[in-house]
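Novice: One structure coming up, written as structure tokens, with questions to follow.
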Amino acid sequence: MRQLNSINNILKKHPLNLGKGKKSIQNKVSLIETNQLKQLFNIEAKKYYASKNKTFTIDNNNKNFLNQLCRYFTQDEAFETIHNGDLNKGLFIYGNSGTGKTSSLTIINQISKKYTLKNLWFPIIETSEVVMKFNTEKNKDYVIKYYSNGNYMLDDLGSEPFASNIFIYGKEDIFIRILEARYIQFITKGTKTYITSNLTLQEIKKRYGLRIEDRFIEMFNILKLDGESRR
Ligand SMILES: Nc1ncnc2c1ncn2[C@@H]1O[C@H](COP(=O)(O)OP(=O)(O)OP(=O)(O)O)[C@@H](O)[C@H]1O
Ligand SMILES: [Mg+2]
């Protein structure tokens, strides 16, 4: 309740604009409505980009994506009815470099912390960081297991190098194991994975194999965030 009060206090300064359309039906799980999240996103994105000497821009390249993202994180049925998505799946966000994939999820993550919206929260893990941990850790299976559990954002999948597994294989592309394990967690527990990547599904297949690509279709909503780089 306290968190809703604090959100409403923020929104008092920035009144809700519910628009002309019908208010979307909200799933019971959500603690915040889509229009509220959009308002918060607007406020926090402005601050986030200002801290990077950028001006938050919404244009034809990211408008639909940001709509989808807010509807997804509020468990809004419109995500399924309008965008043909599945609220039980995770997110695979792909597109050119610099289009705002990492930033958008980082802003959602910051909103969840600031307004204690637990169901929006996820740790942000860089895929190359996982490889570094794997390379230096003695207990390699532990690293794989650690990153196979819980709702995580895996940032920049496909940019990570192959890992060194001198004991067994020499080089290993460890995300094959992590993603397979996360698929099992998704099926058995509904664990969500949020991925950002420059790779298309075709390129995912090329690097991680057909088994992974096949699982991606089942476990992810595939969202494209394209356009010129904003860097
Ligand atoms: N909507 C936006 N308005 C203004 N600046 C933005 C916006 N989205 C992203 N940026 C800026 O563009 C740059 C790239 O953003 P970000 O790192 O999120 O892109 P990315 O899609 O994750 O890129 P990559 O694929 O290379 O990881 C950053 O400096 C970020 O601040
Ligand atoms: Mg990125």
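Novice: Taking the Cα-to-Cβ direction at residue 57 and at residue 207 and moving 7 Å from each Cα, how far apart do the two end points lie in nm?
Specialist: 2.6 nm
Novice: Amide H to amide H under 5 Å from residue 163: which residues, 5+ apart in sequence or cross-chain, H placed 1.01 Å off N in plane?
Specialist: Long-range HN contacts for residue 163: 172, 173, 174.
Novice: Count the DSSP beta bridges whose two residues both fall in the chain, then state the antiparallel fraction as a percent rounded to the nearest 5.
Specialist: Here the share of antiparallel DSSP bridges comes out near 20 percent.
Novice: Can I ask one more? Helix 34-50 versus the longest principal axis of the chain: what angle, 0 to 90°, nearest 10, using Cα atoms?
Specialist: For helix 34-50, the angle is close to 70 degrees.
Novice: Could I ask something else about it? By its C-alpha gyration tensor, with a ≥ b ≥ c as the square roots of the eigenvalues, how is the range 120-192 shaped: rounded for a/c under 1.5, else prolate for a/b larger than b/c, else oblate?
Specialist: Prolate, because a/c is 1.5 or more and a/b exceeds b/c.
Novice: Expressed as an acute angle from 0 to 90° and rounded to the nearest 10, what is the orientation of the C-alpha long axis of helix 210-219 relative to the principal long axis of the chain?
Specialist: Helix 210-219 and the main axis of the chain meet at about 20 degrees.
Novice: Can you give me the distance in nm between label points at residue 47 and residue 136, each placed 7 Å from the Cα along the Cα-to-Cβ direction?
Specialist: 3.2 nm
Novice: Using the Karplus equation 6.51 cos²θ - 1.76 cosθ + 1.60 (θ = phi - 60°), what ³J(HN,Hα) coupling, rounded to whole Hz, does each residue of the range 176-191 give in order, writing x for Gly and Pro?
Specialist: Values per residue, Gly and Pro as x: 4, 5, 5, 5, 5, 5, 5, 4, 4, 5, 5, 5, 7, 10, x, 4 Hz.
Novice: Okay, moving on. Expressed in nm to one decimal, what extension gain is obtained for the pair residue 114 and residue 188 from 0.36 nm per residue of sequence separation less their Cα-Cα distance?
Specialist: Here the segment from residue 114 to residue 188 would lengthen by 23.6 nm.
Novice: Ignoring the sites themselves, what is the longest stretch of the chain with no chymotrypsin sites (Phe, Trp or Tyr not before Pro) in a DSSP loop and at most 12 other beta-carbon atoms within 10 Å?
Specialist: Between the exposed loop sites, the longest stretch runs 1-166.
Novice: Among the aspartates and glutamates, select those whose C-alpha is under 12 Å from the C-alpha of residue 89, and discard any that sit fewer than 8 residues away in the same chain.
Specialist: Partners within reach: 80, 218.
Novice: Next up: Taking θ as phi - 60°, what are the ³J(HN,Hα) couplings along the range 65-70 by the Karplus curve (6.51, -1.76, 1.60), each to the nearest whole Hz, with x for Gly and Pro?
Specialist: 4, 5, 4, 4, 4, 5
Novice: Can I ask one more? Holding the Cα-Cα limit at 31 Å, pick out from 140/224; 145/205; 38/224; 101/145; 113/133 the pairs that are longer than that.
Specialist: Check vs 31 Å cut-off fails for 140/224.
Novice: With a ≥ b ≥ c the root eigenvalues of the C-alpha gyration tensor of the chain, is it rounded (a/c under 1.5), prolate (a/b larger than b/c) or oblate?
Specialist: Prolate, since a/c reaches 1.5 and a/b exceeds b/c.
Computed from the coordinates by the stated procedures, all read-outs in this text should not be read as laboratory data. Everything numeric here is computed off the predicted structure, so don't read it as measured data. Ideal geometry is used to build each Cβ from the backbone, glycine not excepted, and the neighbour counts take in all protein chains shown.
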